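No value in this document is a laboratory result; all are computed from the given coordinates. In this text the structure is predicted, and so the values were computed from the model without any measurement. When we count neighbours, we look across all protein chains shown, and the Cβ atoms used for this are built from the backbone with ideal geometry, even at glycine.
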Amino acid sequence: MATRKRVDSWVVTDDFWQRVEPLIPLRERAADKEYLRKPGAGRPAKPARQVFEAVVYVLRTGCQWKALPKERFGSASAVHKRFLEWEAAGVFEAIWQAGLAEYDQMEGIAWRWQSIDGAMFKAPLAQEAVGRNPTDRGEKGGSKRHLLVDGRGVPLSLVVTGANEHDVTQLDQVLQAIMVKRKTPGTRRSKHLCADAGYRGRPALQIIESHGYTPHVVARHAEADAKRRNPARKARRWVVEACHSWFNRFRKLLVRYEKLERSFVALNHIAAAIIAFRKVKLTVNIIYG
């Protein structure tokens, strides 16, 4: 198999754009409105690929929207406006679904052993889905990403809340928000959910079982101890922690500066899509990192 070619972390390759372009909605003009364009009056709309690459640039580098290189991407406000239009149209969720569909077709989603966990991060400018961080002296301005991943750590579900929301309170919502549907497994034992001690308690176990899972709720230190005693034992819950670390490679997600929940969630959806696409064995990385 040929070695994967690397590209800059924010460059949208032809392979990546071929997967994204069909999901970008065309701008339609109102049928009852007459458009008269005078010479020199306004600028034509930016090419969709240029806008998408600008969004990926922000996501990967963590720069402010205003700091987008004007010589490459033009008006930052125009880019951000299109970004919000696409978010409202569900484009970024669709890209994530497309990534999962290709991953499922080429590799097969590892449904049998799934894992769930949340991770907190600072959100100093957030106005929505934000709360006091209980592990940081109750400091105001924290958010939390709740993830459900498959057996290889590919994100299947994602929910963003304030940092003050306990993981167990979002359990049902996360399990309901899976982006792709799985055919009902033949036996109950073919669907397992691994979680840490934060999901203990009868109500949480009932929710897990109501979604058809066999629960495996184990404290982190207990799982590590069992692994040390029996090196052949396979640790399964760690993949969700690995997935959170993959999200943190996208600098715009490491610390949340997005004020609106919808903007931040949309950026997470793009990251989730890229993680899924990168699990597909291709000769060329559709995006590096």
* Between residue 172 and residue 18, take the C-beta separation as r, use R0 = 45 Å, and let me know the FRET efficiency to the nearest 0.05. => 0.75
* Size of electric dipole in segment 76-156: Cβ of Lys, Arg +1 and of Asp, Glu -1, about Cα centre, debye, nearest 20 -> 440 debye
* Charges only on Cβ, +1 for Lys and Arg, -1 for Asp and Glu: so what's the dipole of segment 69-216 about the Cα centre, in debye to the nearest 20? -> 200 debye
* **Difference of contour (0.36 nm per residue) and Cα-Cα distance, residue 205 to residue 85** => 39.2 nm
* Dipole of segment 66-124, positive end: most advanced residue of 118, 101, 76 [Cβ charges, Cα centre] -> 76
* To do: Would you mind counting up the charge near residue 98? Only other residues with Cβ under 14 Å from its Cβ, with Lys and Arg at +1 and Asp and Glu at -1.
  => -2
* To do: Give the calculated FRET efficiency between residue 262 and residue 181 to the nearest 0.05, with a Förster radius of 30 Å applied to their Cβ-Cβ distance.
  => 0.80
* Please turn the phi angles of segment 154-169 into ³J(HN,Hα) values with the Karplus equation 6.51 cos²θ - 1.76 cosθ + 1.60 (θ = phi - 60°), one per residue in order, whole Hz, x for glycine and proline. => 7, x, 9, 8, 8, 9, 10, 9, x, 5, 7, 7, 5, 3, 5, 6
